[in-house]
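Values quoted throughout were computed directly from the atomic coordinates according to the rules given, and no laboratory measurement underlies them. On a predicted model such as this, the values are computed, not experimentally measured, just so you know. Glycine gets a Cβ as well: all are built from the backbone with ideal geometry, and neighbour counts include every protein chain shown.
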Amino acid sequence: MKEKSSRISNLVKGIIKENPLFVTLLGTCPALATTTSIESALGMGLLFMFVLIGSNIVISLLRKITPQEVKIPVYIVVIATFVTIVKMFSQAYLPELYSKLGVFISLIVVNCIVLGRAEAFASKNDVLNSFFDAIGNGIGYTLAIVIIAVFREFLGTGGFTFGKTLTFLPYVKFVPLKEYAISMFTMPTGGFLVLGVVLAFLAYRTNKKQEILAFKEKEAKKAQLENKEEAK
């Protein structure tokens, strides 16, 4: 039972409490470069998740036989192998996505989230826990970049287009506010701006929760003191 709750905790932690992008601010470069549309963000997220899950599993399996002196090179070779697989797959079956993401698929090799989870978690835990940790962080990162992409695509193009990059989806174009589109949001500047606003909103929510908790604790202590005074 404890093991099951631990795995669920590892899963949820990566999505919410320790979201790779919104909380730990890792992987910001590909997040800003691949979030000009929902499709490219979703495609990047799925490829990233495959690499993260595969590398976490393999590194966990090798954790007891990998010499301490060469563990980082081993991690990089494992990650690079999975990146090569997703690169070849996307080039063969999803050429539009491959063309859209370009060099950022290859750069997953040096993505600090993948290497960080390998070093901090997979190298110290069993396969199942490493799998759930990878799933959680993969979903968390994908969700984060899709949220950014929603705002950037809508504000930058005036609507949404599906089926252009991920060609297995039916082609749908909904651009009701094209004349009001702000092209800046399709550029890196727009990515920084949207990310900054989202982080500011999350920080505001966190601070608000802390203020509410502090106020409740203060009121509880005040009530305890009043009860003691009445008892006397």
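Tabulated results
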| read-out | value |
| --- | --- |
| Interchain or long-range residues, amide H under 5 Å from residue 160's placed H | 174, 175 |
| Qualifying lysines (Cα of each under 20 Å from Cα of residue 218; at least 8 residues distant if same chain) | 208, 209, 228 |
| Burial ordering of 21, 128, 169, fewest other beta-carbon atoms within 10 Å first | 169, 128, 21 |
| Mean residue ellipticity (222 nm) of the chain, computed from DSSP H runs ≥ 4 via -39,500 (n - 2.57), nearest 500 | -23500 deg cm²/dmol |
| Cα-based Lys proximity count in region 2-206, under 25 Å, for pairs eight or more positions apart or on separate chains | 20 |
| Hz values of 3J(HN,Hα) by residue in region 93-108 - Karplus curve (6.51, -1.76, 1.60), Gly and Pro given as x | 10, 10, x, 5, 5, 4, 5, 5, 7, x, 5, 5, 5, 5, 6, 4 |
| Alpha-carbon radius of gyration plus Dmax, which is the widest Cα pair, for the chain in Å | 21.9, 81 |
| Within the chain, longest stretch free of exposed chymotrypsin sites (Phe, Trp or Tyr not before Pro) [DSSP loop, at most 13 other beta carbons within 10 Å] | 1-167 |
| Rg and Dmax [Cα atoms of region 50-103; Å; Rg one decimal, Dmax integer] | 13.7, 41 |
| Net lengthening on full extension, residue 171/residue 205 (0.36 nm per residue, minus Cα-Cα) | 8.5 nm |
| Inter-probe distance in nm under a simple model that places probes 7 Å from Cα toward Cβ, at residue 214 and residue 93 | 5.2 |
| Förster-model FRET efficiency, 30 Å R0, residue 76 and residue 126, C-beta, rounded to 0.05 | 0.85 |
